Amino acid sequence: MIRVTNPYSQEILAELPFATDNEIETALAAAERTFTHWRHSPAHVREEVLRHASHRLQERRDSFA
């Protein structure tokens, strides 16, 4: 487990599990498949997807803080 702590109070904020070798391999394979498709997408499509992701992150910024 990885402990995420507040550096000022040392309060434990979260405990996160390490990924297994299988989970890492699965994620890498998915990323490779996605890249193969994604690299042929027109720039305006990639921009739209990234803009949408940016908006979603902004909506949830307080939960990431």
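The values are calculated or read from the model by the stated rules, or taken from the named source; none is laboratory data. Since the structure is predicted, the reported quantities are computational estimates derived from the model, not experimental observations. Positions of Cβ are generated from backbone atoms using ideal geometry, with glycine treated the same way; all protein chains shown enter the neighbour counts. Calculation scope for accessible area: heavy atoms of the full protein, side chains included, ligands and nucleic acids excluded. Shrake-Rupley method; radii C 1.70, N 1.55, O 1.52, S 1.80 Å.
Step through the residues of region 2-19 one at a time and calculate ³J(HN,Hα) from phi using the Karplus curve (6.51 cos²θ - 1.76 cosθ + 1.60, θ = phi - 60°), rounding each to whole Hz and writing x for Gly and Pro.
Per-residue couplings from phi come out as 9, 8, 9, 10, 6, x, 8, 9, 6, 5, 6, 8, 6, 10, 10, x, 6, 6 Hz.
With +1 on each Lys and Arg Cβ and -1 on each Asp and Glu Cβ, and nothing else charged, work out how big the dipole of region 6-64 is about its Cα centre, in Debye to the nearest 20.
420 debye
For region 14-65, what number results from the quotient of the Cα radius of gyration and 2.2 N^0.38 Å?
Here the Cα radius of gyration is 1.53 times the empirical estimate.
How much accessible area per residue does the chain have, counting only protein heavy atoms and a probe of 1.4 Å, in square angstrom?
Per-residue accessible area for the chain comes out at 96 Å².
Per residue of region 20-27, in order, report the coupling 6.51 cos²θ - 1.76 cosθ + 1.60 (Karplus, θ = phi - 60°) as ³J(HN,Hα) in whole Hz, putting x for Gly and Pro.
7, 4, 5, 5, 5, 4, 5, 5
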